[in-house]
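Have a look at the structure below before the remarks.
The values are calculated or read from the model by the stated rules, or taken from the named source; none is laboratory data. Because the structure is predicted, anything quoted here is derived from the model rather than measured. Cβ placement follows ideal geometry from the backbone for every residue including glycine, while neighbour counts extend to all protein chains displayed.
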Amino acid sequence: MAVVQDVHGHHDHHPSGIMRWVTTTNHKDIGTMYLWFSFAMFLTGGFLAMGIRAELFMPGIQILEPELFNSFTTLHGLIMVFGAIMPAFVGLANWQVPMMIGAPDMAFARMNNWSFWLLPVAGSLLISSFFVPGGAAAGGWTFYPPLSAQGGLGVDMMIFAIHILGASSIMGAINIITTILNMRAPGMTLMKMPMFVWTWLITAYLLVLVMPVLAGTVTMLLTDRHFGTSFFNAAGGGDPVLFQHVFWFFGHPEVYIMILPAFGIVSEIIPTFSRKPLFGYSSMVYATASIAILSCVVWAHHMFTVGMPAVGQLFFMYATMLIAVPTGVKVFNWTATMWRGSMTFETPMLFSIGFIFLFVIGGFSGVVCAIVPIDIQVQDTYYVIAHFHYVLVSGALFAIFAGVYYWLPKWCGRMYDEKLAKMHFWLSMIFFNVAFFVQHFLGLAGMPRRIPDYSLQFADFNMISSIGAFGFGLSQLLFLYIVIKCIRGGEKAADKPWDGGTTLEWTLPSPAPYHSFETPPVIK
Amino acid sequence: MTQSVTKTNTNVAMLKKLLVFTVVMFGFGYALVPMYERFCEVTGINNLLQPDVLDKNIKVDMTRMIAIELDANVRGMPWKFKPLQASVKIHPGESIEVMYEIRNDSDQEISGQAIPSYSPRLLEKYLKKFECFCFTKQVLKPGEVRQMPVKFVIDPQIPVDINTVTISYTFFALEPGM
C-alpha cells in the first residue's frame, strides 16, 4: 500500500465544489463528512426503527410481513452500530484529536480519505440489499448461522458490507493510534492528554484487536455459503455455536468501542461546565484501560443459554460483573467533578448529565443480565432490548449529541440556538424513556425480541413504547434543523465559547482554520 | 524539513506494525477454530463422536427403568434411515445394543455422517456409548442396505426425575473427498 504523507503548504488552496469533498485529505473536511454520513445512516436506521415500532403498535400483523419485519430489525441493528454510532465517533475523532493534541492533521491523510469513502459504498450495499430477490438479511444483526448460512443474496451483500466497514474501521483506528502516539505537541505527555484522546487511543487499539476477527468470522461464513467449507455447518462437521464464540469475541469489545469514546466526551464536558478539573484523571485512564481489557474476557455472557458448563457460566458471570467496578469508578469521578463546581446547564452539559443518569440505568440492567439464572429468563426478550438501548442510545448517542453541541461553535464559528437545543434535549430525554423504560417490563413479562406479533397482554406497553419511539424519532429532525441553522447563521462564537474549557482546541480561532497547529504549540 | 521526514518515517514504521498486528488478528480468528476444537476435546465438552470409556465398577440400578425412544432422520440425501425398534426399556447401568438400518435408494455411492442429538440435553452427560455407527462415516453403494449397532449404558447417576429419554440421529451427506 502506498502511504502518502500530506505535508500542506501554508495556504488554503483546495478544489471547490464536489471535488473538494471527494479528494480532501483535511481532517476537518473528513470529520465533517463522517458526521454527515453517520447522521444520514442514523435517519435510515431510525426509519427502520419507526417501521418496527409501527408494526408493534398493535398486536397482529398490520404493516410489515414477518420476513420484512425481520429484515427491518436486522438492518436497523447493523446500520445503527456500523453506520451511525461508529462513524460518528470516528468523525468526532477526526475533528478533535488533531486539535486536542496540537497536531496539524491526521498521520495518514490520504488513508483517512479512503477510509471515509469506503463507508458510503458499504452503506449503499446494506440499503440496496432490501431490493434484491429474497430481500435483505433477516437473521438478526448478529447473523448467527444456520439462518445466515441459508439466506439469499441479501446476506452476501451484508457480508461484503461488513468486510468493507471493517476495513474502514481498521484504517481509521491505525490512523488514530499513529496520530496520537507520534504527533502530539511537544510537552504533551501521555498522562497530559485530554480524556477524549485517551479513550479514543484505547478504543482504536480495541478496533485493531477485534475488527480483523470479525472479518475472519464473516469470511468463514462466506466460504461456508459458497466454497464448501464447514466451519459452522453441522452437516459437514462444523458447529454453529463456534460462530457465536468467534462473533462475540469481536462483539463484546465492540460494545466498548461504542461507549469508550462517549466516556471521553463526557469527561471533557463535565469539567468544562463544572469549572473544575476532572476528578481523578489518572484513575479515569486506568479505568478505561481495565474496561478495555476486561471486555475481551466476557464474550460468552451473550450465550449463557447455548449449553455451557457451569464453570464457564460462573467465570463469565463474575468477569462481567467485575466490569461494573471500573465503570463505577468513572461514574463516581464524574459525580465528584460536579460536586461543588460552579455548574451551568448548557445543552452539552444537559446531554452529559442525561448520559450519566440513563447510562447508569443501562449499566445496572447489564449487571442484572450478567446473573446467569436471570439471564436464562430474559435472554432474547425485550429486557435485553431495553438494556442495550439504554447504553447505546442514551449512552453513546447522547454523548455524541453532547459532543456535537459542545464543539459546534468551534466547527462553525457560530453558536447554535440554545433554546431549541434545550428543547431537543428534553424531548429526546422524555421520549427516550417513554419508548424504552416500558420495554423492561415487557421483557420481564416474557415478550420475545425479533417477533412482529405479540400476545394481547403486552398491547398497552407496546403502544406506549411506540408512541415514545415516534416522538424520539421526530425530535431528531429538530436536531437536524438546529445544526443547519447553526451552519447558516447565528450569533458569532468566541474562540472559547465555554469559559471552563481548558483543552487546546479552544486556543484556536472560531471557526477553526482549515489548517491548524502547523507550528505545534508547546505544552508546559 | 528533516524533522518532518523523521516524523513521516516513524509514522510509516508504526503503520507497518499495526498492519502486521491486524493480519495476525485476522489469523487469530481462524486459529480460534482449532483452539476451540482442542479445548472441547480436552475438557470433554461436545465429544459426541468419540467412544466413551466404560467404568468397570458401574452398578446396575434394578429399582429404576428408563424408557429410551429412538429416532432417526436424514437431511438432504436419498437414504432411508430407521431404528429397528421404536423404543427400549432398560435399567440404568445395564448395557444394551440397539440396531439401526440405512438404505441407499440412489444409484450413486454416497457417504454420510450421523450426528447424535439427545433429549433432555443433560442426557449427554450420562449416556456412555462405547460403540456407534456415528463414530465413523458410512459409505453406501447404490442400493446397499446396512444394519448398524449402537451399544451404550446409561449412568445410574442420572437424576431420578428422568424416566424417558430420546436418542436421535441425523444423517448428513458428506461431500465427495471428505
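General observations
- When residues of region A:170-202 are limited to those that are polar (S, T, N, Q) and within 14 Å of chain B (Cβ to nearest Cβ), the one surrounded by the fewest Cβ atoms within 10 Å (Cβ to Cβ): A:182
- Meets criteria (at pLDDT 95 or above and surrounded by fewer than 22 Cβ atoms within 10 Å (Cβ to Cβ)) for residue A:219: yes
- When the criteria are applied in full, residue A:488 fails the requirement of being modelled with pLDDT under 95, of a type outside the set (Ser, Thr, Tyr) and closer than 25 Å to residue A:76 by Cβ.
- Some residue of region A:190-204 being of a type in the set (Ser, Thr, Tyr) and over 16 Å from the mean Cα position of the chain (by Cα): no
- Taken together, A:320, A:327 contain a single residue that is of a type in the set (S, T, N, Q) and over 20 Å from the mean Cα position of the chain (by Cα), which is A:320.
- Residue A:331, sole failed condition from (1) assigned to a helix (DSSP H, G or I); (2) in contact (Cβ under 8 Å) with a residue 40 or more places away in the chain: (2)
- One residue stands out in region B:139-178 among those that are outside any loop (DSSP other than H, G, I, E, B) and within 14 Å of chain A (Cβ to nearest Cβ): the one that is modelled with the lowest pLDDT, namely B:173.
Residue-by-condition table, conditions (1) in a helix (DSSP H, G or I); (2) within 27 Å of residue A:375 (Cβ to Cβ); (3) touching an Asp or Glu at 6+ places or on another chain (Cβ under 9 Å); (4) polar (S, T, N, Q):
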residue: A:435; (1), (2), (3), (4): yes, yes, no, no
residue: A:440; (1), (2), (3), (4): yes, yes, no, no
residue: A:474; (1), (2), (3), (4): yes, no, no, no
residue: A:486; (1), (2), (3), (4): yes, no, yes, no
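- The strands (runs of 3 or more DSSP E) found entirely in region B:18-122 that carry 2 or more residues being within 13 Å of chain A (Cβ to nearest Cβ) and within 30 Å of residue A:233 (Cα to Cα) are B:66-75, B:110-119.
- Given (1) out of contact with any Leu (no Cβ under 8 Å at 6 or more places or on another chain); (2) closer than 18 Å to residue B:173 by Cα; (3) of a type in the set (Asp, Glu), number of the condition residue B:101 does not satisfy: (1)
- Of all residues in region A:197-254, those that are small (Gly, Ala, Ser) and assigned to a loop (DSSP other than H, G, I, E, B) total 4.
Yes/no matrix, rows are residues, columns are (1) closer than 18 Å to residue A:419 by Cβ; (2) of a type in the set (Val, Ile, Thr); (3) touching a Phe, Trp or Tyr at 6+ places or on another chain (Cβ under 8 Å); (4) surrounded by 15 or more Cβ atoms within 10 Å (Cβ to Cβ):
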residue: A:483; (1), (2), (3), (4): yes, yes, yes, yes
residue: A:486; (1), (2), (3), (4): yes, no, yes, yes
residue: A:492; (1), (2), (3), (4): yes, no, no, no
residue: A:520; (1), (2), (3), (4): no, no, no, yes
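- Filter pass, residue A:199 being in contact with a His (Cβ under 9 Å, 6 or more places away or on another chain) and of a type in the set (Val, Ile, Thr): no
- Pairs with Cβ under 6 Å, 6+ apart, first in region A:379-395 and within 15 Å of residue A:142 (Cβ to Cβ) and part of a helix (DSSP H, G or I), second among the acidic types (Asp, Glu) and modelled with pLDDT of 95 or more: none
- Test: residue in region A:217-228 that is in the same structural domain as residue A:352 (by TED's automatic domain parsing) and among the β-branched types (Val, Ile, Thr): no
- Any hit, region A:131-147, residues being crowded, with 16+ Cβ neighbours inside 10 Å, among the β-branched types (Val, Ile, Thr) and farther than 23 Å from residue A:173 by Cα: no
- Counting only helices (runs of 4 or more DSSP H) that sit completely within region A:108-187, those holding 3 or more residues that are in contact (Cβ under 8 Å) with a residue 12 or more places away in the chain and not hydrophobic (A, V, I, L, M, F, W, C) correspond to A:109-128, A:153-182.
- Criterion violated by residue A:196 - all others in (1) of a type in the set (Phe, Trp, Tyr); (2) touching a residue at least 40 places away in the same chain (Cβ under 8 Å); (3) within 19 Å of residue A:68 (Cα to Cα) satisfied: (3)
- In region A:450-485, the qualifying residues are those that are touching a Gly at 6+ places or on another chain (Cβ under 8 Å) and among the charged types (D, E, K, R), and the one that is farthest from residue A:366 (Cα to Cα) is A:453.
- Residue A:235 fulfils the conditions (1) buried (at least 22 other Cβ atoms within 10 Å of the Cβ); (2) in contact with a strand residue (DSSP E or B) (Cβ under 9 Å, 6 or more places away or on another chain); (3) aliphatic (A, V, I, L, M) except for a single criterion, (1).
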